[in-house]
Amino acid sequence: MTYFDALETRSADERASDQAGALVEQIKRAMSAPGFASHLSESDTNKVKSAEDLPTLPVLRKSDLTRAQAKRPPFGGFTVKPARHFHHVFQSPGPIYEPGSTDHDWWRMGRFLNAAGVGAGDIVQNCFGYHLTPAGMIFENGARAVGAAVLPAGTGQTELQVTAARDVGCTAYAGTPDYLKVILDKADEMGVSLHFSKAVVGGGALFPSLRQEYADRGISCLQCYATADLGNIAYESAAIDGMIIDEHVIVEIVTPGTGTPVAPGEVGEVVVTSLNPDYPLIRFATGDLSAVMPGISPCGRTNTRIKGWMGRADQTTKIKGMFVRPEQVAALVDKHEEIVKARVIATRQGEMDSMTVQIESTGGDDTAYARSVAEVLKLKGAIEVVAPGSLPKDGLVIEDQRVYE
């Protein structure tokens with residue numbers, strides 16, 4: 001087994017000491033940025049000497065970033081250098097703007113690809129999007145860090161994806177968990193033999209049945225937990241026993257909606273402090289649920305493990321690799337005056353995510369509603385128009401009916 005670097009096998013004491021020093025320096029950088037200078041008090045930050053002191057600081061949420069970015073575009077004053085000094089500026093739904101860089105392993109994705117066995121000699125078919133959002137560049141940057149070549153395939157045009165994978169000789173897939181199945185099924189339909197032996201996925205849940213289907217085809221499929229703001233947070237290794245926290249972030253599990261840590265092993269919201277010197281997010285709340293696992297991974301990597309993605313702390317739900325947020329559902333309702341309310345339902349059809357939008361309306365055109373759904377939610381879905389008063393009065397605007405076991 002080849003580790004990415006010596007950091008992965010440090011003792012717990014050595015890691016805690018190293019990260020304490022890095023955290024103090026990171027907070028100093030953060031306080032030089034106007035966004036953090038108004039978010040954190042200097043008297044509180046001066047008391048932070050280690051990760052154990054982080055709960056004394058307030059949590060930073062995406063809504064805080066959105067408000068700050070509206071006042072001080074594009075990054076809300078939370079970066080230590082201006083936008084023109086970054087290599088990329090990305091836009092995620094919200095909109096929220098994130099910086100990016102082509103510097104070596106800037107998002108720390110190389111650590112995950114190495115753990116998945118991707119390296120020199122591999123050609124990665126990168127099916128993450130390259131348009132506006134950063135996922136495509138995040139995985140490309142990681143592939144470069146491990147010496148792999150990249151076919152920047154992006155999304156869609158499945159027949160061309162199959163042809164390119166065959167002609168180029170791609171050996172590894174990067175993308176959302178279920179799109180690889182679309183490519184493989186299309187290849188079967190076309191009578192084309194592909195040579196994938198590894199898959200590195202993110203942006204959605206990897207269901208055990210789908211992982212097994214890939215294994216039956218001779219493809220080892222591992223997943224990571226990453227966000228556009230933070231880069232890689234945690235990742236699976238070949239042990240497939242929880243997700244190992246990345247070496248350059250500090251993860252807390254807190255009671256949702258608060259900054260108070262839960263007891264070890266309890267489910268709570270994932271709060272992350274990034275040690276990236278360019279973008280020093282301190283106690284950034286992801287809105288995701290997870291829990292710490294006891295012990296260390298059988299693969300020998302010694303950092304703390306979490307159980308992976310266990311749902312959302314709010315109703316925001318990821319469907320087909322895209323977040324759908326309550327405020328987007330509200331915007332859909334506002335777009336048509338005859339709509340009383342709407343409810344997004346996430347389900348699975350086979351191994352694919354599916355979305356149905358139920359609309360309480362006194363009338364209206366299904367085709368027009370479908371166009372609005374695609375425009376506002378950035379996803380296509382089935383439309384069900386129901387009579388006013390038909391939808392449950394349970395406060396839900398997004399209902400996730402998928403089973404994660």
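Heavy-atom accessible area per residue, the chain, 1.4 Å probe: how many Å²? Before the final figure, lay out each step's value.
Working: 17140 Å² over 405 residues.
Using a 1.4 Å probe on heavy atoms only, each residue of the chain averages 42 Å².
If the chain between ALA70 and ASP13 were fully stretched, how many nm would it gain, using 0.36 nm times the residue separation less the Cα-Cα distance?
Numbers: separation 57, 0.36 × 57 = 20.52 nm, distance 4.16 nm.
Contour length minus Cα-Cα distance gives 16.4 nm.
What ³J(HN,Hα) values, in whole Hz, does the Karplus curve 6.51 cos²θ - 1.76 cosθ + 1.60 give for the range 251-262 when θ = phi - 60°, with x put for Gly and Pro?
After applying 6.51 cos²θ - 1.76 cosθ + 1.60, I find 10, 10, 10, 10, 4, x, x, 10, x, 8, x, 8 Hz.
How big is the antiparallel share of DSSP beta bridges in the range 189-247, given as a percent to the nearest 5?
Values: 6 of 10 bridges.
Roughly 60 percent of the beta bridges in the range 189-247 run antiparallel, per DSSP.
Between their Cα atoms, which of LYS186/LYS318; LYS62/LYS380; LYS181/LYS335; LYS320/LYS341; LYS186/LYS307; LYS81/LYS307 are more than 28 Å away from each other?
Values: LYS186/LYS318 25 Å; LYS62/LYS380 25 Å; LYS181/LYS335 35 Å; LYS320/LYS341 23 Å; LYS186/LYS307 33 Å; LYS81/LYS307 35 Å.
Cα-Cα > 28 Å for LYS181/LYS335; LYS186/LYS307; LYS81/LYS307; rest within.
Quick one: order THR2, THR227, THR260 from most to least accessible surface, probe 1.4 Å.
On the way: THR2 105, THR227 25, THR260 80 Å².
Descending accessible area places them as THR2, THR260, THR227.
At 20 °C and 1.002 mPa s, grab the translational diffusion coefficient of the chain from Stokes-Einstein with a Kirkwood Rh over Cα pairs, rounded to a whole number in µm² per second.
Values: Rh = 22.3 Å.
It diffuses with D of about 96 µm²/s by this estimate.
If I take every Cα pair under 8 Å that is 6 or more residues apart in the range 349-405, average their sequence separation and divide by the length, what percent do I get for the relative contact order?
Working: 45 pairs, mean separation 22.2, N = 57.
Normalised by residue count, the contact order of the range 349-405 is 39 percent.
Label-point separation (nm) for VAL89 and GLU25, each offset 7 Å from Cα along Cα-to-Cβ?
2.9
As a test, work out the antiparallel percent of DSSP beta bridges whose residues both lie in the range 284-405, rounded to the nearest 5.
On the way: 16 of 24 bridges.
Among the beta bridges of the range 284-405, antiparallel pairing accounts for roughly 65 percent.
So how much slack lies between LYS181 and ASP334, counting 0.36 nm per residue of separation and subtracting their Cα-Cα distance, in nm? All intermediate terms of the calculation are to be shown ahead of the outcome.
On the way: separation 153, 0.36 × 153 = 55.08 nm, distance 3.64 nm.
The LYS181-ASP334 span can extend by a further 51.4 nm.
Where the Cα atoms of the range 160-205 are projected onto their three principal axes, how long is each span, largest first, in whole Å?
Per principal axis, max minus min of the Cα coordinates gives 29, 18, 16 Å.
Return the calculated 222 nm mean residue ellipticity for the chain, to the nearest 500 deg cm²/dmol, obtained by summing -39500 (n - 2.57) across DSSP H runs with n ≥ 4 and dividing by the residue count.
Numbers: 11 runs with 111 residues, N = 405.
Roughly -8000 deg cm²/dmol at 222 nm, from the helical runs in the chain.
Normalise the Debye intensity by I(0) for the range 60-115, one equal point scatterer per Cα, no solvent, then take log10 at q = 0.15, 0.17, 0.28 Å⁻¹ and round to two decimals.
Evaluating at q = 0.15, 0.17, 0.28 Å⁻¹ gives log10 I(q)/I(0) of -0.50, -0.61, -1.10.
Quick one: the Cα spread of the range 9-116 along its three principal axes, in angstroms, biggest first?
42, 41, 23
Which semi-axes, in whole Å and largest first, does the equivalent ellipsoid of the range 260-405 have when worked out from the alpha carbon gyration tensor as the square roots of 5 times its eigenvalues? Display every interim value, and only then the final one.
Values: eigenvalues 265, 55, 41 Å².
Three semi-axes, in Å: 36, 17, 14.
Considering only protein heavy atoms, with the full assembly of protein chains and a 1.4 angstrom probe, order HIS87, HIS131 by accessible area, largest first.
Putting HIS87, HIS131 in descending order of accessible area: HIS131, HIS87.
Who wins for biggest fluctuation among ALA205, ALA30, ALA16 in a Gaussian network model of the chain, springs between alpha carbons below 10 Å?
Answer for the Gaussian network model of the chain: ALA16.
Could you look at the chain and say what percent of its accessible area is carbon and sulfur, using a 1.4 Å probe and all protein chains?
Details: 9020 of 17140 Å².
Using a 1.4 Å probe with all protein chains present, the chain comes out at 53 percent carbon and sulfur.
In terms of Cα to Cα distance under 21 Å, which lysines are near enough to LYS49, apart from those fewer than 8 places away along the same chain?
Leaving aside lysines fewer than 8 places away in the same chain, those within reach of LYS49 are LYS28.
Tally the DSSP beta bridges in the chain and give the antiparallel ones as a percent, rounded to 5. Please report the intermediate quantities before stating the final value.
On the way: 40 of 63 bridges.
The antiparallel fraction comes to roughly 65 percent.
The values are calculated or read from the model by the stated rules, or taken from the named source; none is laboratory data. Source: prediction; values computed, not measured. So basically every Cβ, Gly included, is an ideal-geometry build from the backbone, and we count neighbours across all protein chains shown. Accessible surface areas use protein heavy atoms only, side chains included; no ligands, DNA or RNA. Shrake-Rupley method; radii C 1.70, N 1.55, O 1.52, S 1.80 Å.
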